[in-house]
Amino acid sequence: MLSQKTRPQRNVCLELQRRQWVAVEGWDWQLLHRYCEHRALQYMRSKAHTSSCHEVIRARDSASTVALAFSDDGNFMASGHLHHEIIVFSMAPRVQHLQTLSTHHSRTPWCLVFDPTEDLILYSGGLDGIVCKWNFESGECLKTLKTGVASPVNSITFLPSIPHHMLVAKDHWLSLVSSGSLDVVWQVSTGNPVCRVRLVLSHPHGDKILTAVANEPPKEQTPFAFSLRTPSL
């Protein structure tokens, strides 16, 4: 029988033990352990015929993968790696290496997004604080954007409600950027340098955005909120 005074560990038996409303005298924790393992094995077997890896894509001589993106039409995929490279794959008719982009980021490319309205264009945001616009067929970097200090570009998303514009999340700022010229149209802030925007996503209709922010604002500060307005171009 397993002792309830074993050292703390994250396993299913102790998790279930902590969730019991009433302590049951003489509870056989060893039996519970075998039961949980049996149920987990049953579940994995039941999912084996429906869940499978269709294909493993390996980038030759690449370091850890930290960013992935699909094009809207599903014909291309891009991956960002720790050795500062971006590798683009063609997905049809079969997966094959198309291009390696490796000249403009001095640190890891942290986020990737394909242009939904312009063919063969990919944007990358790096830990070096730079946003790059690429023609991923030729491998040419068309434009770069450096916004303030060299802190990481955490996330990039396009806005369906404002064509040819995207939001770039960096530090505690959200910047509306023209996807053509990479000019910053306007910026909004969380109001506190500690509350950094880690992720930004656009609603499919484009009328709302979702942000993931690290660290809560101080209690005396009014909770922050973002709102969008059409830029004056």
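The values are calculated or read from the model by the stated rules, or taken from the named source; none is laboratory data. If you're wondering where the values come from, they're calculated on a predicted model, not measured in any experiment. Counting neighbours? That spans all protein chains shown, and the Cβs are built from the backbone with ideal geometry, glycine included. Remember, those area values only see protein heavy atoms, side chains included, never the ligands or the DNA or RNA. Shrake-Rupley method; radii C 1.70, N 1.55, O 1.52, S 1.80 Å.
One residue stands out in segment 64-76 among those that are under 16 Å from residue 121 (Cβ atoms) and hydrophobic (A, V, I, L, M, F, W, C): the one that is most open to solvent (accessible area, probe 1.4 Å), namely 70.
Scan 188, 184, 177, 131 and give me the residue that is more than 27 Å from residue 90 (Cα to Cα), among the hydrophobic types (A, V, I, L, M, F, W, C) and open to solvent by less than 20 Å² (accessible area, probe 1.4 Å).
177
Tell me whether segment 193-212 contains one or more residues that are over 22 Å from residue 80 (Cα atoms) and open to solvent by less than 20 Å² (accessible area, probe 1.4 Å). Yes: one or more hits. Summed over segment 178-205, the residues that are under 20 Å from the mean Cα position of the chain (by Cα) and among the acidic types (Asp, Glu) give a count of 0.
Matching residues to (1) at pLDDT 90 or above; (2) over 25 Å from residue 169 (Cα atoms):
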{"site": "50", "(1), (2)": "no, yes"}
{"site": "53", "(1), (2)": "no, yes"}
{"site": "59", "(1), (2)": "no, yes"}
{"site": "69", "(1), (2)": "yes, no"}
{"site": "86", "(1), (2)": "yes, no"}
{"site": "91", "(1), (2)": "no, yes"}
{"site": "102", "(1), (2)": "no, no"}
{"site": "110", "(1), (2)": "yes, no"}
{"site": "115", "(1), (2)": "yes, no"}
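Consider segment 134-170. How many of its residues are among the aromatic types (Phe, Trp, Tyr) and open to solvent by 20 Å² or more (accessible area, probe 1.4 Å)? Going through segment 134-170 one residue at a time, the tally reaches 1.
Would you be able to say whether some residue in segment 127-146 is modelled with pLDDT under 90, of a type in the set (Lys, Arg) and either out of contact with any Pro (no Cβ under 7 Å at 6 or more places or on another chain) or under 18 Å from residue 215 (Cβ atoms) (or both)? Scanning segment 127-146 turns up at least one residue that is modelled with pLDDT under 90, of a type in the set (Lys, Arg) and either out of contact with any Pro (no Cβ under 7 Å at 6 or more places or on another chain) or under 18 Å from residue 215 (Cβ atoms) (or both).
Of the residues making up segment 77-109, those that are open to solvent by 20 Å² or more (accessible area, probe 1.4 Å), part of a strand (DSSP E or B) and in contact with an Asp or Glu (Cβ under 9 Å, 6 or more places away or on another chain) are 98, 99, 100.
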